[in-house]
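Student: Right, I'll just put the structure down here and ask away after.
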Amino acid sequence: MEELNLKEILYIILNKWWILVISTIVLFSACYVWTNYYVIPEYSSVTTLYVGKNVDQVGIQTTDLNMGASLIDDYREIAKSKLVAYEVIEKLGLTGMDADTLTSKISVSKRGETRVIQISVTDADPGRALDITKTVAEVFREKVIEIMQIENVQIIDKAEMPTHPVSPNKNRNYLMSILLGLAVGVGVVFLIHFLDDNIKTPEDVEKCVDLPVIGTIPVFGIKGGRYING
Amino acid sequence: MVDNCTLVAHTDPKSLVSEAYRILRTNIQFSCVDRQMKTFVVTSSNPMEGKTTTIANLAVTFAQADKRVLLIDCDLRKPQLHKMFGIPGREGLTNIIACHDDYRKYIQKSDVPNLYILPCGTIPPNPSELLASNTMKQFVLDVSNDYDYIFMDAPPVGNVTDAAILSTLVDGTILVANSGHISGDALKKAKEALVNVNANIFGVVLNKLDKGANRKYYNYNYYYNREYDDGQKKRKKRRNSASQFDDRLSLSLFSQENRPLV
């Protein structure tokens, strides 16, 4: 492999800048078309719930605090269980949607180090996203009370009608496509550079045929009707 | 009349390109000190790599160094040297070899002092045979006594065998490579063709070097050029300010003269 210093690398890239421009334009326009015409926008509705501990237990112990961290996984599993899913489907009368599809729309996360959990549902239809979120929250509350024997489960923020789609994230996609375009362009430039075995420098001559270079003559003469010299 | 653009060593001896040819001349001269080399053939792998331009400028550069130089157009297929130097090319090398004529009759003076040219002459049907003949061999031996350096322009070694034949008659073979356009394989083949006939390959001249792609080889030229330009500008500036100063001085002298003497 040839040794290259930073200047030469920069020069190689700048010398074929149009490859970078083309690859960036191609990828960006592909991304633009894909984002705006092919991806179905999805809406997300969010609700938060407080899941406390039973009132009969007095005081807070460190074990309780540690438990909090792992309990989120329990809640997630419950929220995304088939049990909840079937009930939501039944309640909303969502014919044509199976439990797996529904659970894939639900995501559960914890708000910081609190006992507040957040349930969000993403769907192509904002109204349906709202309905599902509401119903999931209700069913989830019932099931947590039933299964985990926790009585203090409250809905804090009710689900609202989403106004803006969460996906596709246009700006992020555009940025990614530009970066990817530049990266691909640089790759292509280097590929061309290393596949090109034409003699360009005295080193190339010496490496290729092991003959001394006794002189280097710069380009001169008429080029484009202009006399260039040196 | 010489071709203005290609014969840059003659028309523009202060240019960077002419400087590059002088560097080439110096390299050849210093390599020849021990070996007593005076006859050279210049060839390339492919056509259009700049053989004729290189050899013509190189010969001019040698002539400028007060050497008696003979330039022979041995490209019996597509002779170009006479056009470049603006001399009649109807009679020349082929007449000498084919007719066993005296070579002195055909050698012409060029516009460049000390530089003599022998054009190709009539294009023969059998160039390789002519070049391989004993007459040619004898001619090269004879003529080399009359001049300090003899350069021969040959057809590309990759296409025809002429250059390989010529390389056996001379002291050194110079290979011109068109930078950026010649592949490594083509250069290797050219070297093989010459090595097969035991030619003494003197070295490679990398022609049409792109300034950008070979930035580091141009640093010297850049600096040289810049300092040279700066120097000129500064000198001009200094002269300007000096003349201004003179003007002011004369003006003040003038006004002093006009002032009534107290």
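Quick note: the coordinates plus some simple rules give every number you see, no bench work behind them. Worth saying up front: this structure is predicted, and the values here are computed from it rather than measured. No Cβ is skipped: glycine too gets one built from the backbone with ideal geometry, and neighbour counts run over all protein chains shown.
Student: Hey, got the average number of other protein chain Cβ atoms within 10 angstrom for residues in B:15-21? Intermediate results must be reported in sequence, preceding the final value.
Tutor: Numbers: counts 4, 5, 8, 3, 2, 6, 2.
Going residue by residue through B:15-21 and averaging, the value is 4.
Student: Let me ask something additional. Taking only DSSP H segments of four or more residues, each worth -39500 (n - 2.57), what value at 222 nm results for chain A once the sum is divided by all its residues, to the nearest 500 deg cm²/dmol?
Tutor: Details: 8 runs with 120 residues, N = 230.
Counting only the DSSP helices, I get -17000 deg cm²/dmol.
Student: Considering every Cα-Cα pair within region A:85-230, what fraction, in whole percent, is farther apart than 20 Å? Display every interim value, and only then the final one.
Tutor: On the way: 7525 of 10585 pairs.
When all Cα pairs of region A:85-230 are counted, 71 percent exceed 20 Å.
Student: Let me ask something else about it. Considering only the other residues whose Cβ falls under 13 Å of the Cβ of B:N95, what net charge follows from Lys and Arg at +1 and Asp and Glu at -1? Don't skip to the end; give the middle numbers.
Tutor: Working: positive: B:R90, B:R104, B:K105; negative: B:D73, B:E91, B:D101, B:D102.
Here the charged neighbours net out to -1.
Student: Continuing with this model, one more query. I'd like the mean, over residues of B:52-64, of how many other protein chain beta carbons sit within 10 Å of each residue's own Cβ.
Tutor: Working: counts 0, 3, 2, 0, 0, 2, 2, 0, 0, 0, 0, 0, 0.
Mean partner-chain Cβ count within 10 Å for B:52-64: 1.
Student: Within a 10 angstrom radius of each residue's Cβ in B:179-187, how many Cβ atoms of other chains show up on average? Whole number is fine. Could the numbers behind the result be given before it?
Tutor: Numbers: counts 11, 7, 3, 7, 5, 9, 3, 4, 7.
Mean partner shielding for this stretch: 6.
Student: In whole percent, what relative contact order does chain A give with Cα contacts below 8 Å and a gap of six or more residues?
Tutor: 32
Student: Return the distance in nm (one decimal) between the two label points of a simple spin-label model at B:H181 and A:I156, each offset 7 Å from Cα along Cα→Cβ.
Tutor: 7.5
Student: Could you give the longest part of chain A that holds none of the GluC sites (Glu not before Pro) found in DSSP loops with at most 15 neighbouring Cβ atoms within 10 Å? Don't jump to the answer; show the numbers that get you there.
Tutor: Values: sites that count: A:E2, A:E3, A:E113, A:E151, A:E160.
That would be A:4-112.
Student: Write out the trypsin sites (Lys or Arg not before Pro) in region B:86-148 meeting two conditions: DSSP loop, and at most 10 other Cβ atoms within 10 Å of their Cβ. Don't skip to the end; give the middle numbers.
Tutor: Details: sites: B:R90, B:R104, B:K105, B:K109, B:K137; in loops: B:R90.
Answer in residue order: B:R90.
Student: On a 31 Å Cα-Cα criterion, which of the cross-link pairs A:K200/B:K14; B:K38/B:K105; A:K200/B:K109; B:K67/B:K191; A:K16/B:K51; A:K207/B:K67 come out too long? Display every interim value, and only then the final one.
Tutor: Details: A:K200/B:K14 26 Å; B:K38/B:K105 22 Å; A:K200/B:K109 37 Å; B:K67/B:K191 29 Å; A:K16/B:K51 29 Å; A:K207/B:K67 34 Å.
Over 31 Å Cα-Cα: A:K200/B:K109; A:K207/B:K67.
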